[in-house]
Amino acid sequence: MNNKSSVLLEFDKILNLLLEHCISEEGRRQLKLQQLFYKKDSLSLFHNLISQLRTLLESDEVFPAVNFPEIEFLLSVFIKEGTSLDGIDLFHISQFIDSSLKVKSYITNTKITDLNSICEVAGKIPQLDFLVTEIVSVINSTGQIRDDHPELKNLRKGLGELNNKISVLSSSYITENRNLYQTDVPTQKGGRIVLPLKSNFKGRVKGIIHDISARGNILYVEPFDILDLNNKIAVQEHEISIIANRIFRELTEKVRIEIENLKILISSFSFIDTLIARAKFSIQYNCFRPEISNLKIDLKKARHILLGNEAVPITITMEEGLHALIITGPNAGGKTVSIKTVGLLAMMNQFGIQIPAEEGSSLPVFDGIFADIGDDQSIEESLSTFSGHMKNIASILEESSSKSLVLLDELGSGTDPGEGAAIAMAVLDSLISKGAIVLTTSHHGLLKNYGYTREGVMNASMEFDEGTHSSTYRVVLGMPGDSHAVEIARYSGIPEKVIDKVQIYLKDKQTEVGRMISELEKKHQSAGRREDAITQREKILKNQIRENDLKFLSFRQAENELKKKKNAESSRFLREARKTLENLVRELKEGEINQHKTKKVKNFLSDIDKQIDLEKKSLEEFILNSPDNLKGEELEPGMNVLIGEYRRPGVVVRKGKKRDWIINTGALKMSVNINEIYPGAEPVQEKMYGVDTSTVKASNPARFNLDLRGFRLEAALIIIEKQIDNALMSGLDTFNIIHGKGEGVLSTGVQKYLRTENSVKEFYFAHPEDGGFGKTIVILKE
């Protein structure tokens, strides 16, 4: 990473924002040491980890409550045998291990699929839970050995009794002779209980004087009976200290045995912590993973994170083969911010951070990102602004390559305009000859002309609103920008007399380039308004199509419901009719056939006929009221229509008998009832096809061959449906399909599935006996 370019592009500030999302000091330390990726494969794998971890963090699964005290520095403390950690350090180690294992479990035990890569990384954290159990069973959260420890339980109990005795005894001294003592509370000197005796009562209490106050008016006396208890307490505390130190050494030794695994745990979790920081950063700033391209830059609505809500999204596209983009336009128009945004997002991408741009954006993997932005004036080094820029650019020319990104702000400025423009063009020539990708800003008119005439170079500008006399901060590709210096000067408060003088000086000096730019800006604004109008019409059309689709779906649902209802009614009618018929048959069998029984049978048959007529009328009304059904008066010869349940395309020839029409389907003409005719689209040009059959019996079963090579989708579907019908009529259960990918065997009577993807239509066949999809796939190119 070029440190100077990193600072100029403010990547260091992005890194500081990223560090805030780490949950451990070890993770922050590792993040600071990480570098940019310069290989596509490595960067792609790293971005996979971030994407998977982000998916998990954005799910309903709750991130565990964890605490990561800093422990890495302790490794150098207890690595030598014989050394011992104190209780609080041991407890911190147990906390770090326990929290790491919680994060490991959160990742590896997720119910979300397709997280294999991040699960593999988390799986590298060693399972040191036994160390946690060992430590917390002995040490509490304050770093002290637990009160119920078997080796210390009795000793601590005895110590407590001694402390209670000495407290009672020392208090009794003061309460019985209150006037002898300075305060009514015993104190401590050197860890021993003493009494604050007034100096004028020196001989009244027998004991050892441990200290005297500064003014000499208080003697700190340890009476002999309290002395004995203090000695016993000291001995008891010493015994406890010896046992506690031994316990700490034993625990330290157990941790030391696992020091290599502990190092792996710290390193593995610290790496995961850097991934967590990146994923949280992406969620907070609504970032997305860019696609990795060869040499194409395509940023859609990219934002500069450090500008916050004030950032205006920019869209910049540099196709492969385009090596330089020259951005011109007014001061404070957003030129510098635009190229800094491109450079910053390139750095973020190669640092494994998702970028603040829309999905579908793409960036190459650069082998170096170089920038010359801002004022490089240096008093200490006796460098002017121009000299500072030249020194930096010289370094860039030496270090850059064919895979570098170079960002140059105000190239050629700070000196004579003619010489500055010549230097700028020469620098661009050098970088372009290397194959580097360059984004530069400038006000030089000669560079605008260079952008038109030099191969591999494109002009761009920052859009300027003449109504508000301010920039819209929108990048306009393919068109140079005017500086609008006069308009900005007038709007900024320069007196009108001065502006008039400016116009006089410019009157004879304005170049053809300036006039050309003005005209181009007007044409671009006009084109933009037309584009907005077209976009609006497209939205309206899409909404209408969607509404029609919803209406059609609603109709189909109603149709299915009605069919179910009709089927239920028919089934009920048949059941009742069968029951009535069975009763009539039983009555006829019992006894003689008379006039009454005969009349009853005739009435039954008459009722059935009436019911059938009612069902026919109901069905006809349903078909006539169908939203997509054509009425007879709407049909005309030559009209494109769809016929039948499968909506085969055809052309109306003429009116037939009654409610029938003669329809030409390409292969034949047929008479079709108006109820089976639907509105059609443009006719599909189909190739003629035929099927040869033979009645000669052979030893092997007959099999149809269907050649679909070269057929368009619509024609192929009709052929396939026809061939299935032929096969069924001939008693065959399979036939061959010949297509671009070889031969496949298709079972007849199967369900058809259709899908559109990348301009390739795929026709799927399912074999019911195999219970699966896609046993035979016919791929039909458009």
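The values are calculated or read from the model by the stated rules, or taken from the named source; none is laboratory data. Computed from a predicted structure; not experimentally measured. Note that we place each Cβ from the backbone using ideal geometry, even for glycine, and neighbour counts take in every protein chain shown. The area values use the complete protein model at the heavy-atom level, side chains included, leaving out ligands, DNA and RNA. Shrake-Rupley method; radii C 1.70, N 1.55, O 1.52, S 1.80 Å.
Residue check, residue 131 against (1) hydrophobic (A, V, I, L, M, F, W, C); (2) over 30 Å from residue 255 (Cβ atoms); (3) assigned to a helix (DSSP H, G or I); (4) touching a residue at least 12 places away in the same chain (Cβ under 8 Å), all met but one. Which one?
(2)
Residue 185: touching a helix residue (DSSP H, G or I) at 6+ places or on another chain (Cβ under 6 Å), surrounded by fewer than 18 Cβ atoms within 10 Å (Cβ to Cβ) and either modelled with pLDDT under 90 or on the phi < 0 side of the Ramachandran plot (or both), yes or no?
In short, no.
Could you list all residues from the stretch 245-266 that are under 30 Å from residue 21 (Cα atoms), part of a helix (DSSP H, G or I) and touching a residue at least 40 places away in the same chain (Cβ under 8 Å)?
Of everything in the stretch 245-266, those that are under 30 Å from residue 21 (Cα atoms), part of a helix (DSSP H, G or I) and touching a residue at least 40 places away in the same chain (Cβ under 8 Å) turn out to be 255, 259, 261, 262, 263, 264, 265, 266.
In the stretch 416-442, how many are polar (S, T, N, Q) and either open to solvent by 60 Å² or more (accessible area, probe 1.4 Å) or touching a Phe, Trp or Tyr at 6+ places or on another chain (Cβ under 6 Å) (or both)?
Qualifying residue count for the region: 1.
State whether the residues of the stretch 391-398 include one that is more than 25 Å from the chain's Cα centre (by Cα) and under 19 Å from residue 456 (Cβ atoms).
yes
Here is a list of conditions, (1) under 24 Å from residue 488 (Cα atoms); (2) part of a loop (DSSP other than H, G, I, E, B), and residue 307 meets all of them except one; can you say which number that is?
For residue 307, the exception is condition (2).
Provide a single number: the residues in the stretch 374-400 that are more than 19 Å from residue 429 (Cα to Cα) and either buried (at least 21 other Cβ atoms within 10 Å of the Cβ) or modelled with pLDDT of 90 or more (or both).
1
Which residue out of 4, 13 is open to solvent by 80 Å² or more (accessible area, probe 1.4 Å), of a type in the set (Lys, Arg) and either under 25 Å from residue 308 (Cβ atoms) or outside any helix (DSSP H, G or I) (or both)?
From the options 4, 13, the qualifying one is 13.
Please find, among 243, 297, the residue that is among the aliphatic types (A, V, I, L, M) and open to solvent by 10 Å² or more (accessible area, probe 1.4 Å).
243
Yes/no per residue for (1) in a loop (DSSP other than H, G, I, E, B); (2) at pLDDT below 95; (3) touching a Lys or Arg at 6+ places or on another chain (Cβ under 9 Å):
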| residue | (1), (2), (3) |
| --- | --- |
| 28 | no, no, no |
| 45 | no, no, no |
| 53 | no, no, yes |
| 59 | yes, yes, yes |
| 74 | no, yes, no |
| 78 | yes, yes, yes |
| 81 | yes, yes, yes |
| 89 | no, yes, no |
| 95 | no, no, no |
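Looking at (1) touching a residue at least 24 places away in the same chain (Cβ under 8 Å); (2) assigned to a loop (DSSP other than H, G, I, E, B), which is the one condition that is false for residue 163?
Going through the list (1) touching a residue at least 24 places away in the same chain (Cβ under 8 Å); (2) assigned to a loop (DSSP other than H, G, I, E, B), residue 163 breaks only (2).
Report, by residue number, each residue of the stretch 269-292 that is of a type in the set (S, T, N, Q) and open to solvent by 20 Å² or more (accessible area, probe 1.4 Å).
Residues satisfying the conditions are 284, 286.
Across the stretch 24-57, what is the total count of residues that are more than 11 Å from the chain's Cα centre (by Cα), surrounded by fewer than 18 Cβ atoms within 10 Å (Cβ to Cβ) and polar (S, T, N, Q)?
The number of residues fulfilling the criteria is 4.
Which members of the stretch 199-210 meet the condition of being open to solvent by 50 Å² or more (accessible area, probe 1.4 Å) and either among the hydrophobic types (A, V, I, L, M, F, W, C) or at pLDDT 90 or above (or both)?
Answer for the stretch 199-210, where residues must be open to solvent by 50 Å² or more (accessible area, probe 1.4 Å) and either among the hydrophobic types (A, V, I, L, M, F, W, C) or at pLDDT 90 or above (or both): 208, 209.
Return the residues of the stretch 247-264 that are polar (S, T, N, Q) and closer than 13 Å to residue 74 by Cβ; say none if nothing qualifies.
252, the sole residue that qualifies.
Looking at 167, 117, 171, 141 in this structure, which one is among the small types (Gly, Ala, Ser) and under 28 Å from residue 91 (Cα atoms)?
From the options 167, 117, 171, 141, the qualifying one is 141.
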